[in-house]
Each structure stands twice: as structure tokens, then as C-alpha cells.
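Input: a single structure, listed below in C-alpha cells.
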Amino acid sequence: MRVGGVARLRRDALVLAAVTVAYLAFAGAVHNHYYQLMLTLVPIWAVLGLGWNLFSGMSGLVSFGHASFFGIGAYTVTLALVYWGLTPWLGVPLGMIVASGAAVLIGLPTFRLRGHYFALSMLAYPLAMLYVLQYLGFQEVPLPMHREHPALFLQFAEPFYATLVAVGLFVAAMLAGLLVENTRFGLALLAIKQNELAAEAAGLDTRLWKMRALVASGAISAAAGGLYACVLLVVTPDSVFGVLVSAQALTVTLFGGVATVWGPTIGAAILIPLAETLNAHLGDIIPGIQGVVYGVAIIVIMLAAPEGLFWSLRDRVSRGPAPPAVITERASSLAVPVQAGTLLEVSGLSKSFGGLRAVQDVGFHVAGGEILGIIGPNGAGKTTLFNLLNGVLPADAGSARFDGAELRGLKVHEVARLGIGRTFQVVRSFPRLPLLDNVIVGGYGAGLGDHAAAAAAEAALEAVGLAERASRAAGELTNKELRLMELARALAGRPRLLLLDETLAGLGREECDDLLAVLRELRAGGMTIVIIEHTMHAMLRLADRFLVLDHGAVLAEGPPRAVVENPAVIEAYLGSKFLARQQAETAHA
């Protein structure tokens with residue numbers, strides 16, 4: 001359970017209980033069968049929205065194809081009842097199992113795609129299933145009526161009981177969603193959504209987490225589809241696999257608010273009654289008015305509250321002045337044993353992009369407890385070198401061994417799990433998450449349990465002086481605080497080697513001094529650091545050795561003073577004219 005998760009879960013469960021009681025009381029007072037049906041459909045579509053939200057809302061991968069799982073659930077329940085006489089009480093779980101398997105088959109090839117390519121490819125699956133079922137002759141399949149034991153087959157004479165079952169499914173889906181939100185599952189998905197590379201660099205296997213989310217999402221959506229078939233008593237490919245089904249899941253969630261279980265609930269409670277009521281009164285005048293309602297809802301919410309009603313209202317209620325920045329006294333609680341001998345050994349590492357050789361036959365070593373500074377002009381290949389070391393890019397040739405283990409061929413999260421932390425030239429934060437959660441992701445990526453990850457995150461924040469800011473959202477931090485936060489996230493994974501990419505970028509002299517003090521304390525505690533930096537005066541105070549890159553190749557290596565006085569280095573940084581003028585002035589003197 002995440003930090004504060006138990007309290008949040010208890011609070012949301014109480015709200016859910018109150019909402020459920022109020023909804024059932026209202027439904028019990030409605031005797032019109034049409035409106036009773038509407039009250040049954042609201043929780044069903046909310047469940048589909050919850051399923052969509054668990055995957056797309058939490059991970060950020062937009063799916064236009066959740067009708068696949070909804071339809072699988074509907075047809076599994078229907079065909080199992082028609083051919084085997086299987087009660088829907090078992091048919092719905094069976095549909096969830098089938099949909100989970102389908103989610104794995106869908107995810108394996110589709111997760112290779114990104115952005116709109118992923119979204120459009122997901123749309124192909126329900127359309128393919130729709131055409132296959134039409135070809136097989138399942139254009140319209142009615143559910144057989146059972147006069148004996150009708151409750152066993154969810155065929156109630158009193159519509160209120162169908163509403164009661166739908167609300168029960170909704171409560172179960174909500175509790176599942178609340179558990180996801182308040183555990184490492186939800187935090188991992190939100191981290192992936194806000195910055196996938198940062199999550200991967202912190203040690204999270206993002207592909208595995210996305211697959212888990214798709215499987216859980218597919219199962220929940222299938223449960224909604226199975227109950228939907230029982231309520232309507234007939235299924236057609238268009239009614240359960242059609243584009244409008246996926247659109248409804250997306251619309252109710254976007255309208256209410258993504259990445260929270262309350263979003264689909266709010267969206268379904270407002271849009272489903274509105275669309276169904278207008279369809280009842282104007283459907284013969286404006287065919288397809290339900291689609292018009294959803295389209296208008298999306299336009300309105302994108303203009304007025306792009307993140308949905310829930311987040312818009314919450315931000316207005318909770319908005320307040322941020323507390324002043326406080327840099328607390330740092331603690332040396334992250335000491336690691338200094339490893340004797342070479343910790344990182346790089347030889348012949350190369351990478352080309354077409355005709356551009358970004359890294360050319362680079363070789364160097366880093367001893368345990370050492371700080372190696374990598375310098376060079378812009379475009380020298382410094383960040384590309386880091387990307388090769390931590391698996392962001394595959395190397396074309398060469399070797400990089402960390403404590404004897406070969407890094408080439410490993411994925412980003414696998415490199416992190418070996419004990420290599422990484423920060424980025426442009427800070428990669430999870431802006432909507434609290435600072436503490438940003439850092440806890442590093443502990444989760446290292447495989448720590450909930451309590452251990454929280455303890456590691458708190459120690460890391462203490463070490464960089466941000467303990468007093470733990471509850472603030474990362475999006476509210478200053479540049480200096482963001483740099484320290486990213487360093488803390490790397491430290492929470494308990495690394496033995498830190499790769500720091502321009503950690504001092506954009507900082508003033510006093511801010512640089514603060515961060516340098518943190519780095520020196522880390523080195524004193526046994527941390528090994530490789531740092532890329534352009535701020536030469538800071539690097540001279542920090543690094544034990546310099547490695548100079550120019551046009552992707554090693555230009556010089558050695559003690560800082562000797563390197564910066566090297567004529568080849570001066571020429572690479574300041575140009576041949578400056579070097580010639582300096583040499584002439586020296587000779588004249």
C-alpha cells in the first residue's frame with residue numbers, strides 16, 4: 001500500500017458506500033421501467049469506463065478498442081447460456097478470463113507502437129471481431145428465457161433487482177480501482193503515463209506493468225459486457241463491438257476525469273441519463289442523438305476542463321499558496337561501501353545514426369568511490385554515451401561492464417536493477433504526483449517492498465535536503481528542487497553508480513554550490529559518480545578525473561587541471577583561433 005494509501009482507501013470507501021446507498025434508494029423509488037433500465041445502464045457503463053480508465057487513464061496509452069473486451073464478455077455469457085445452459089453468474093467470470101487472454105494476445109504486438117499509432121491499432125481489434133461474428137452468422141443472438149429459477153439466469157421480473165446486480169458489479173469494480181490507485185500498481189502506471197523513460201530509468205519494467213493494466217482492464221470491461229447482455233436479453237455485433245461502445249468508455253471517463261475512479265462514475269452519472277432521455281424523446285427526430293451527446297460533451301469538457309470535472313473541481317477546492325522552499329539539513333543516511341578496484345569498464349563503445357558517428361570507439365574506466373567528469377563541446381556525444389550505458393540506445397559495437405556484468409543488450413530497467421541510477425539533461429518528473437511519490441518510484445524500481453521503498457525515499461529526500469517538501473506536487477517545484485528530486489529518485493533505488501547528465505544546468509552559483517555539497521557528501525558516503533557538465537568551475541571543484549569527448553571520440557583523459565590546460569581541449573572548446581592567439585601571447589611573454 002502506498003504512503004497514505006490506507007487512509008485514502010478508507011475515505012473513498014466511505015464515500016462509495018454513501019453514494020451506493022443513495023443511488024439504490026433513488027432507484028427503489030423509480031417505478032417507470034424505462035427509467036429503471038436507464039438506472040441499470042448507468043453503473044454498467046461506469047464499469048466499462050472504470051476498465052478503460054484503469055488502462056488508458058492511468059497509463060496514458062489511449063485505447064479506441066475497449067469494445068473488444070466488452071463484446072467478448074457479452075458474447076461469452078450469451079453463447080455459454082445458449083449452447084451450454086451456463087448461468088451468467090459463471091458466464092461473467094468466464095468472459096473475464098477469456099478477455100484477459102485476449103488482452104495478452106492484443107498487447108504483445110500492439111505495445112510496440114506509440115502515440116496515435118497505438119490508439120488506431122486498438123480500434124482494429126473490435127472491428128475485426130465484429131466482422132468475424134457477422135460472417136459466422138451471429139448477427140443477432142437472443143438469450144433464452146428461463147421461467148424456472150429466473151434469478152439464476154439474471155432474468156428478474158422486477159427491474160430493480162437488475163439495478164441491484166449492476167450496482168454490485170460497479171462497487172466491486174470501484175473497490176478494485178481504489179486498490180490499484182493506492183498501491184504500487186497505480187503509482188507505476190501514473191509514472192509511466194507522465195514520463196515513461198524516467199519510470200524505466202528508475203527500474204520499472206514498463207512493458208510488464210502496461211500488460212498487467214491491460215489484462216485487468218480487459219477483465220473489468222468484459223464483466224460490464226456480460227451483464228449488459230443479460231439486461232438487454234439480445235446481443236448483436238454492432239451493439240457490443242461497435243465504435244460507439246469504445247467511444248462511450250472514453251467519453252464518460254474524459255468527461256468525469258481520467259486517472260481516478262471517480263471520473264468514470266461522474267461521467268456515467270451525467271452523460272448516460274442525458275443521452276438516454278434525449279434518445280427517448282428525440283430519437284425519432286434526430287437518429288443517433290446519443291452520439292451527438294457524447295461528441296458535444298467531449299468538445300465542452302476539452303474547452304472548459306481539459307482534465308475532466310473531477311480534477312477541475314478538486315484543483316479549485318485545494319488550490320492554495322505553496323509553502324516557501326525549505327532546504328533542510330542533510331543527513332548522510334545513504335552511505336554505501338566503497339568498492340575497491342574498477343566498477344565500470346568501457347571499451348570500444350560506438351554508435352552511429354546513419355552517416356553520423358555519435359560515439360566512436362570510446363573507452364574508459366571508473367574506480368569505486370570516484371567522481372569522473374565527462375566534458376566536451378555541444379554535440380560531442382556525451383548524452384548519447386550515457387544512453388548507451390543505461391540501455392536507452394543499443395550500441396553498435398564495444399563493451400560496457402559494470403562490476404563484471406555486461407550492460408550491452410540490457411533494457412533500461414534491467415540496468416537500473418543492477419545498481420545504476422540515472423538523471424537526465426532535461427528533468428523528467430511526474431508533475432502531478434507528490435514529491436515523495438516521485439521518489440518512491442525509484443524504490444519500487446529497485447524491487448523494494450512498500451515500507452522499504454517509502455523508507456528509502458524519505459532517506460533520499462533527507463539526503464538532498466527536500467524532506468520538508470515531500471507532500472508538494474513535483475509540478476510546483478523550482479528548477480533546483482526538481483534537480484534534487486531527480487537525484488533523490490535515483491538514490492532511492494540504492495545504486496552503486498550514479499550517471500548524472502548536466503545536473504547543474506540552469507542553476508545559479510549559490511544553487512550550484514548547494515547541489516555540489518550534496519554530491520560531495522554522497523562521494524564521502526562511498527557513492528561512485530559519472531557526471532556530464534558544462535559548468536567548468538564546478539567540475540574542477542568536484543571531479544577526480546576528466547574525460548573529454550569531441551565528435552564522439554575520446555580527446556583527452558586525466559587530472560582536471562592537466563586536461564583543461566591541454567591545447568587540444570582548449571581548441572575543441574574555444575576554437576583554433578583562440579588557441580593560436582593564446583600560444584602567441586605565451587611565446588611573446
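Given 4 °C and 1.567 mPa s, compute D for the stretch 150-217 with the Stokes-Einstein relation, Rh being the Kirkwood radius over Cα pairs; round to the nearest whole µm²/s. Answer from the Stokes-Einstein relation: 90 µm²/s. Here the residues MET38, MET145, ranked from fewest to most Cβ neighbours within 10 Å of their Cβ, fall in the order MET145, MET38. Here is how the number arises for the chain: DSSP H runs of 4 or more residues each give -39500 (n - 2.57), the sum is divided by the residue count, and the result at 222 nm is -19000 deg cm²/dmol. Specify whether the C-alpha gyration tensor of the stretch 26-87 places it in the rounded, prolate or oblate class, a ≥ b ≥ c being the square roots of the eigenvalues: rounded for a/c under 1.5, otherwise prolate if a/b is larger than b/c and oblate if not. Taking the square roots of the gyration eigenvalues as a ≥ b ≥ c, the stretch 26-87 is oblate. Straightening the chain between SER471 and ALA13 buys 162.6 nm, computed as 0.36 nm per residue apart minus the Cα-Cα spacing.
Each pair of Cα atoms in the stretch 45-167 enters the Kirkwood radius, and Stokes-Einstein at 37 °C and 0.692 mPa s then converts it into a translational diffusion coefficient of 204 µm²/s.
According to the Cα-based calculation, Rg over Rh for the stretch 261-304 is 1.02, with Rh computed by the Kirkwood formula.
Summing Lys, Arg as +1 and Asp, Glu as -1, what charge do residues with Cβ under 9 Å from the Cβ of ARG184 carry, ARG184 excluded? All intermediate terms of the calculation are to be shown ahead of the outcome.
Values: positive: ARG2; negative: ASP450.
With Lys, Arg at +1 and Asp, Glu at -1, the net is 0.
With a Förster radius of 41 Å, plug the Cβ-Cβ distance of VAL426 and LEU274 into 1/(1 + (r/R0)^6) and report the FRET value to the nearest 0.05. According to the calculation, E is roughly 0.45.
In this structure, MET1 and ILE570 have a Cβ-Cβ separation that, at R0 = 56 Å, corresponds to a calculated FRET efficiency of about 0.50. Computed from the C-beta positions of ILE298 and HIS31, the FRET efficiency with R₀ = 35 Å rounds to 0.55.
When only the Cβ of Lys, Arg, Asp and Glu is charged (+1, +1, -1, -1), the dipole of the stretch 196-328 relative to its Cα centre reaches about 320 debye. Computed from Cα positions, the angle between helix 243-256 and the longest principal axis of the chain comes to roughly 70 degrees. Angle between the Cα long axis of helix 289-304 and the longest principal axis of the chain, 0 to 90 degrees, nearest 10? With both axes taken from Cα atoms, the answer is about 30 degrees.
Out of every Cα-Cα pair that the stretch 5-241 contains, those further apart than 30 angstrom amount to 29 percent. Put simply, the convex hull of the Cα atoms in the stretch 339-382 casts, on average, a shadow of 3.5 nm². Relative to the longest principal axis of the Cα atoms of the chain, the long axis of helix 450-464 makes an angle of roughly 40 degrees.
Determine, for SER429, SER68, SER347, the number of other Cβ atoms within 10 Å of each Cβ, and report the residues in order from fewest to most.
By the 10 Å Cβ count, ascending: SER347, SER429, SER68.
Going from the fewest other Cβ atoms within 10 Å to the most, the residues ARG494, ARG316, ARG408 appear in the order ARG316, ARG408, ARG494. The amide H of ARG422, built 1.01 Å from its N in the peptide plane, has LEU499 as neighbours under 5 Å, considering only residues 5 or more places off or on other chains.
Quick check for the chain: number of Lys pairs with alpha-carbon distance under 17 Å, counting only pairs 8 or more apart or on different chains?
4
Note on the stretch 420-494: the C-alpha convex hull projects to 4.3 nm² when averaged across all orientations. Label positions at HIS149 and SER312, each projected 7 Å from the Cα along the C-beta direction, are separated by 5.0 nm. Working note: Cα gyration tensor of the chain, eigenvalues times five, square-rooted, sorted largest first, giving semi-axes of 56, 25, 21 Å.
Every number here is computed from the coordinates shown, using simple stated rules; none is lab data. All of these numbers come straight from a predicted model, not from anything done at the bench. We place every Cβ from the backbone using ideal geometry, glycine too, and count neighbours over all the protein chains shown.
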